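The values are calculated or read from the model by the stated rules, or taken from the named source; none is laboratory data. Everything numeric here is computed off the predicted structure, so don't read it as measured data. As a convention, Cβ positions derive from the backbone with ideal geometry for all residues, glycine included, and neighbour counts pool all protein chains shown.
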Amino acid sequence: MKIAVFGKSISGEQSPYLSLMLDKLRQAGAELYVYGPFLPALRQYTGLANVAGVFSSHADLPPDSEILLSIGGDGTLLDTLPLVRNSGIPLLGINTGRLGFLSSVSRQDIDHAMDALVSGRYGIQERTLIQLDEPEGLFGDINYALNEATVFRKEATSLIVIQLYVNEAFVNAYWADGLIVATPTGSTAYSLSAGGPILTPDSGNFVITPIATHNLSVRPIVIPDSSIIRLKVVGRHTQFTLSMDSRLAVVDQSFELKFSRAPFKVRLVETEGKDFFSTIREKLLWGLDVRN
């Protein structure tokens, strides 16, 4: 079993859990390939000695890796996208951060998750990506996002006006701080905090959610993910900001944005006993009786 390990930082309190994780993998005979910038911290806090290899980019990530482990929070897992790209390597997030929708394995569950991993007791869930088609080259060759694409105002003094077209049909002009186009995965992230609905991962939809819209009658809208989405910022603003997950770019108002569903999907590992609904019950405290 060839396992890739990615992370950005470690604190001392996390070291016992990560040491347990690495011990389980070594005992199972796994070959460990570690993200180069992360290796010194991993060695410092876990005593990790020899590894099978290191990688620093998509080019040297072993393409036959069975799993890529992301050590951190959801932001860390999103940072693995430029590494895995369309390779099909499944991702498993070990949550050493806070909420952790994508990095669903908590520190307390690492023992159980590693047992399930080495014995093959896990499933794979495919997640849709949103892709920026125009303007070309704005984010290089990483023109896709797992959570969302967001247009928001560059200046803090006034709203922006965003015109939305779906399959060339005009939908609405939003007077707002911004507009989110979220995947089902992203429906539990920024879109949810802005009042958007939760979509199941296999729903086959995008959700378009305004941010602090001036018109109170405007609500989020769910559309098929086969749609072509076009956004145009109009009005007195000369520039606006576009984010694709954690990547940002400042865009001139003269450019229109065009989005579609990416031609490939990201594969997430779903360990035994975990599913989408159990995750949102745990993270959003659904059904919790708070009266006591």
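Being modelled with pLDDT of 95 or more, assigned to a strand (DSSP E or B) and hydroxyl-bearing (Ser, Thr, Tyr) is a property that residue 260 has. Here the condition is being of a type in the set (Ser, Thr, Tyr) and within 19 Å of residue 8 (Cα to Cα); of 65, 119, 57, it holds for 57 alone.
I need the full set of residues from segment 237-283 which are free of Cβ contacts under 8 Å to residues at least 12 places away in the same chain and either farther than 15 Å from residue 178 by Cα or in contact with an Asp or Glu (Cβ under 9 Å, 6 or more places away or on another chain) (or both), in order please. Result: 254, 275, 277, 278, 281, 282. Looking only at residues of segment 123-166 that are closer than 17 Å to residue 249 by Cβ, in a strand (DSSP E or B) and charged (D, E, K, R), we find that the one that is modelled with the lowest pLDDT is 153.
Look at (1) more than 29 Å from residue 100 (Cβ to Cβ); (2) buried (at least 16 other Cβ atoms within 10 Å of the Cβ) and you find that residue 259 fails only one, number (1). Inside segment 120-140, residues that are over 19 Å from residue 93 (Cβ atoms) and either touching a Leu at 6+ places or on another chain (Cβ under 6 Å) or basic (Lys, Arg) (or both) make up a count of 0.
Residue-wise test of (1) surrounded by 14 or more Cβ atoms within 10 Å (Cβ to Cβ); (2) farther than 27 Å from residue 245 by Cβ; (3) in contact with a helix residue (DSSP H, G or I) (Cβ under 7 Å, 6 or more places away or on another chain); (4) not small (Gly, Ala, Ser).
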| site | (1), (2), (3), (4) |
| --- | --- |
| 4 | yes, no, no, no |
| 15 | yes, yes, yes, no |
| 64 | no, no, no, yes |
| 73 | yes, no, no, no |
| 80 | yes, no, no, yes |
